[in-house]
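Colleague: Input: one structure, supplied below.
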Amino acid sequence: MDILQLLTQTVLETCVHRLLFESLLIILIVFLLFSKRSKKITLTEKEKIDLIKEYNPEPLVPKTSDNHPLLVRMEQKRASLKVGKYILINGQKCLNMATWNFLGLLGNKSMEAEANPKKAKCTRKYITVEAIYANIGDICPLPKIIRLRNKYKARIILDESISLGVLGKTGRGLTEHFGLTLDAVDIMSASLENSFASVGGISMGKSWIMWHQRMGSLGYAFSASQPPLCVATAIQAINILEQDTSLVEKCQNACIDCHVKLTGIDGLVLNGLSLSPVKHLRLAEPSDDRQENVDKLQKIVDFAQKEGIALTMANYLSNLEHILPEPSIRIAVNSSLLTEDIDKVASVIKQGTKEILFARYVFS
């Protein structure tokens, strides 16, 4: 009898505990279902206007002083939009040694006609290099870079913006210059402006890499197609190169000739490889004052303009450059330059250097 009473009491106590637990669980579920997770704040129109007035967005670009040297020079010297072998600066016709048009195709009539709108139809390691370095005019040692790539299992991204159309027997760029196949580089990119007299750029590589680039890159950068007239112009430039490879040879000969005649100018040092269409003239004995060096070179540029030669200073964003290059006069060579043109350029620079850098010795 005692055992039976004990069992009955145990069952009753168990049921009560279970009933209490289930009741609490039901109450909790109901509370979660009907309780508001967050209180929605409703603003009045006045509060919305006040918030908008208080909003102070960061500027998209940094503020630039109206007295910035680049802006001042742009106001003082206005060049014609359409440039070629010659350029108009403030109405004066000058032999163009300032802008990049290595093959002299800018202004080519057949390309302009073709671009007429009315006729229009591994691992995650990357080595990024320029084929020709714009700031020094030297050529990238690609075979050594490839050995480095193979050692560390990286990928090479090669920018051929300056070398395409200039280096190699047929103008195919740095890979042809070193006798390498296109497979030696993973991705190649190039601007169509420097040699092909168009705008925009191209990216080259294996099909699966290009597919990944189109599908996986940022939409605002790779979803917009290039204007048809620009594509037509670039295609016509390639057709001209295929039909007449002498353009490349003429450009290379002009680069070498210009390099020889600009070497050894008193007071200046020429930087850049002989085959490079971009060369830099820097002061042989620069002072510690960068602005003083800039002013001296700018005076040579101004002197050359008076003599009918358009030169330009290499300009940099000094606050953003990791290693700020020394001030220089940047020389851009193209295939349309004749021997007498290069002779005149060298003569004018020598004369300007003599009058500006060594004037103190003349009057002493």
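The values are calculated or read from the model by the stated rules, or taken from the named source; none is laboratory data. This structure is a prediction, so every number in the text was calculated from the model and none was measured. Counting neighbours? That spans all protein chains shown, and the Cβs are built from the backbone with ideal geometry, glycine included.
Colleague: Return the only residue of S318, S335, S328 being within 26 Å of D138 (Cβ to Cβ), surrounded by fewer than 21 Cβ atoms within 10 Å (Cβ to Cβ) and of a type in the set (G, A, S).
Modeller: The match here is S318.
Here is a yes/no grid of residues against (1) out of contact with any helix residue (DSSP H, G or I) (no Cβ under 9 Å at 6 or more places or on another chain); (2) of a type outside the set (D, E, K, R); (3) in a loop (DSSP other than H, G, I, E, B):
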residue: V248; (1), (2), (3): no, yes, no
residue: Q252; (1), (2), (3): yes, yes, no
residue: C258; (1), (2), (3): no, yes, no
residue: G264; (1), (2), (3): yes, yes, yes
residue: L270; (1), (2), (3): no, yes, no
residue: A304; (1), (2), (3): no, yes, no
residue: L317; (1), (2), (3): yes, yes, yes
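Colleague: Which of the residues spanning region 40-78 are outside any helix (DSSP H, G or I) and either closer than 30 Å to G91 by Cβ or in contact with a Phe, Trp or Tyr (Cβ under 9 Å, 6 or more places away or on another chain) (or both)?
Modeller: Matches in region 40-78: T64, S65, D66, N67, H68, K77, R78.
Okay, residues lined up against (1) at pLDDT below 85; (2) in contact with a Ser or Thr (Cβ under 7 Å, 6 or more places away or on another chain); (3) in the same structural domain as G201 (by TED's automatic domain parsing):
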site: K53; (1), (2), (3): no, no, no
site: P59; (1), (2), (3): yes, no, no
site: A79; (1), (2), (3): yes, no, no
site: Q92; (1), (2), (3): no, no, no
site: I127; (1), (2), (3): no, no, yes
site: E130; (1), (2), (3): no, no, yes
site: I136; (1), (2), (3): no, no, yes
site: P143; (1), (2), (3): no, no, yes
site: R149; (1), (2), (3): no, no, yes
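Colleague: Moving on to the next point. Of these, E321, E285, E292, which one is more than 22 Å from the chain's Cα centre (by Cα), more than 15 Å from L262 (Cα to Cα), of a type outside the set (K, R) and in a loop (DSSP other than H, G, I, E, B)?
Modeller: Residue meeting the stated conditions: E285.
Colleague: Among the residues of region 160-183, which ones are buried (at least 17 other Cβ atoms within 10 Å of the Cβ) and small (G, A, S)?
Modeller: If the condition is that a residue be buried (at least 17 other Cβ atoms within 10 Å of the Cβ) and small (G, A, S), then S161, S163, G165, G168, G171, G173 are the ones that fit.
Colleague: For region 10-51, which residues satisfy the criterion of being of a type in the set (V, I, T) and modelled with pLDDT of 75 or more?
Modeller: If the condition is that a residue be of a type in the set (V, I, T) and modelled with pLDDT of 75 or more, then I26, I27, I29, V30, I41, T42, T44, I49 are the ones that fit.
Colleague: May I ask you to list pairs of residues, at least six apart or on different chains, whose Cβ atoms are under 9 Å apart, with the first in region 97-120 being in a helix (DSSP H, G or I) and the second being β-branched (V, I, T) and modelled with pLDDT of 85 or more?
Modeller: Final answer for the pair search is S110/I240; M111/T233; M111/I240; E112/T233; E114/T233; E114/I235.
Colleague: So M313 clears everything in (1) surrounded by fewer than 16 Cβ atoms within 10 Å (Cβ to Cβ); (2) under 21 Å from M74 (Cα atoms) except one condition, right? Which one?
Modeller: Single failed check for M313: (1).
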